Amino acid sequence: DTTGKKLLEKDYNEITGLETGNGEVLFKLKQKALYGFYNPLTQKTVTPAFFDIEHLDATPLLKVSYQEKNGLYNTAGEQLLPAEYSSFSFLHGPFLAVKKYSGAGLYNLQTKKEIIPAAYYRVEALPGNSSFFTAEVEVAGDANLYGIFNDKGAQAVPPVYSNIREIGKAYYLLLSQKNNTAHYALFNGHTGRLTPLPFREADVSGEPGLLIVNDGRNSYLWDAATRKPASALYPLRDNGEGYTPVAALSPFVSGLCAVVKAGKTGFINARGEVVIPFVYDDARMQKNGAIMLMKQDGGNWLYGY
């Protein structure tokens with residue numbers, strides 16, 4: 001230092017400055033073909049053991065690599081992630097999606113533990129919820145399957161579902177296939193509970209917290225929070241090519257849901273209230289939110305908005 005005090009116990013083949021972008025200066029140490037670093041503020045020396053050391057922009061973190069394996073240190077010289085991973089990516093908070101040759105997992109930088117074992121095809125954050133993560137299992141010759149883990153690494157949902165869709169308000173619709181039959185379940189992101197659903201078909205509605213479901217005879221809105229119908233029941237309709245049950249309700253657009261009742265089209269809102277009566281032969285929502293209304297008069301079509 002400026003007083004002449006020797007700061008490093010050992011001599012190195014090379015010492016260079018390592019900028020961190022926040023005014024803190026580290027020293028990169030080279031010993032033969034390996035690199036370490038020294039922090040003069042903490043007086044911490046990380047012994048050269050890596051092929052490369054790289055500062056990650058806008059973070060107090062250093063990426064280290066050795067033989068195509070990567071890890072993380074903070075600038076103070078503390079190891080956060082051992083150099084055992086082929087790759088990693090930041091999710092949210094202290095969580096990293098990590099990959100080994102054995103598969104993908106989840107790592108917590110605060111506890112310095114791999115909380116979901118690196119044995120999955122992919123691990124991602126569950127959309128709209130910071131407490132849960134999806135783990136994907138690769139299935140040869142078939143669609144991949146998904147399960148859900150919480151942020152402590154405990155399995156909340158086994159990886160047997162082919163699809164997980166966000167309903168909104170921290171609820172999720174899960175689909176599995178058994179004997180060519182669809183089976184649905186509701187995952188509650190508030191409680192972490194999984195509830196089987198009795199519906200023949202279920203789909204997201206485009207309105208947070210609501211599903212469009214049918215029981216084989218009627219389709220209707222269903223509230224994920226109350227687990228009760230949120231609209232009247234509307235009979236399934238013919239698709240026009242022989243009787244194939246088709247949901248009477250369409251996904252929400254601009255806050256309204258198109259419904260076909262007794263061959264006539266109208267619209268309901270998210271509370272299930274009729275906003276446009278079922279008197280039109282067709283009706284189509286436009287991109288600007290206006291609704292084209294159509295009635296058939298003999299061989300002529302009449303239009304309004």
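The values are calculated or read from the model by the stated rules, or taken from the named source; none is laboratory data. Predicted model only: the values in this text are computed from it and were never measured. Here the Cβ positions follow ideal geometry from the backbone for every residue, glycine too, while neighbour counts run over all protein chains shown. For the accessible areas, the whole protein counts, side chains as well, though only heavy atoms, and no ligand, DNA or RNA atoms are used. Shrake-Rupley method; radii C 1.70, N 1.55, O 1.52, S 1.80 Å.
The trypsin sites (Lys or Arg not before Pro) of region 262-300 meeting both criteria, a DSSP state outside H, G, I, E and B (loop) and at most 11 other C-beta atoms within 10 angstrom of the site's C-beta, are 271, 287. Taken over the alpha carbons of the chain as equal point scatterers, the Debye sum produces base-10 log I(q)/I(0) values at 0.16 Å⁻¹ of -1.19. Restricting the calculation to Cα atoms, region 126-254 yields a radius of gyration followed by a Dmax of 15.6, 52 Å. So what's Rg/Rh here for region 155-202, counting alpha carbon atoms and using the Kirkwood radius for Rh? Value, to two decimals: 0.95. In order along region 106-119, the Karplus-derived 3J(HN,Hα) couplings, from 6.51 cos²θ - 1.76 cosθ + 1.60 at θ = phi - 60°, round to 10, 10, 9, 5, 6, 8, 6, 9, 7, 8, 10, x, 6, 9 Hz, and Gly and Pro are given as x. Whole-Hz Karplus values for region 253-269 come out as 9, 6, x, 10, 10, 6, 10, 9, 10, 6, x, 10, 9, x, 9, 10, 9 Hz, taken residue by residue from phi with 6.51 cos²θ - 1.76 cosθ + 1.60 and θ = phi - 60°; glycine and proline positions read x. Springs join every pair of Cα atoms under 10 Å in this Gaussian network model of the chain, and among 282, 223, 203 the largest mean-square fluctuation is at 282.
Taking 275, 259, 137 in turn, the Gaussian network model of the chain (Cα-Cα springs below 10 Å) assigns the largest fluctuation to 275.
For residue 264 and residue 179, what does the FRET efficiency come to when R0 = 35 Å and r is the distance between their Cβ atoms, rounded to the nearest 0.05? List each step's numbers first, then the result.
Numbers: r = 37 Å, r/R0 = 1.06.
Approximately 0.40, to the nearest 0.05.
Extension gain for the segment residue 162 to residue 295, taken as residue separation times 0.36 nm less the Cα-Cα distance, is 43.7 nm to one decimal. On region 4-94, 49 percent of the accessible area sits on carbon and sulfur atoms, based on a 1.4 Å probe. Ordered from longest to shortest, the equivalent ellipsoid semi-axes for region 189-298 are 26, 17, 11 Å, each the square root of 5 times a Cα gyration tensor eigenvalue. Normalising the average separation of contacting C-alpha pairs (under 8 angstrom, six or more residues apart) by the number of residues puts the relative contact order of the chain at 5 percent. Note on region 1-75: along the principal axes its Cα atoms extend 39, 29, 16 Å, ordered by decreasing extent.
Each part gets one Cα centre, and for region 258-284 versus region 38-94 those centres are 59 Å apart. Global size of region 164-228: 11.1, 32 Å for Rg and Dmax (C-alpha atoms, Rg to one decimal, Dmax whole). Stokes-Einstein diffusion coefficient for region 83-188 at 20 °C in a medium of 1.002 mPa s, Rh from the Kirkwood formula over Cα pairs: what value in µm²/s? Answer from the Stokes-Einstein relation: 151 µm²/s.
Using a Gaussian network model of the chain in which every pair of alpha carbons under 10 angstrom is joined by a spring, one finds that among 45, 195, 16 the greatest mean-square fluctuation is at 16. For the chain, the Cβ-based charge dipole about the Cα centre amounts to some 540 debye (Lys, Arg positive; Asp, Glu negative; other atoms uncharged). Rounded to the nearest 20 debye, the dipole magnitude of region 17-57 is 300 debye, with +1 charges on Lys and Arg beta carbons, -1 on Asp and Glu beta carbons, and the Cα centre as origin.
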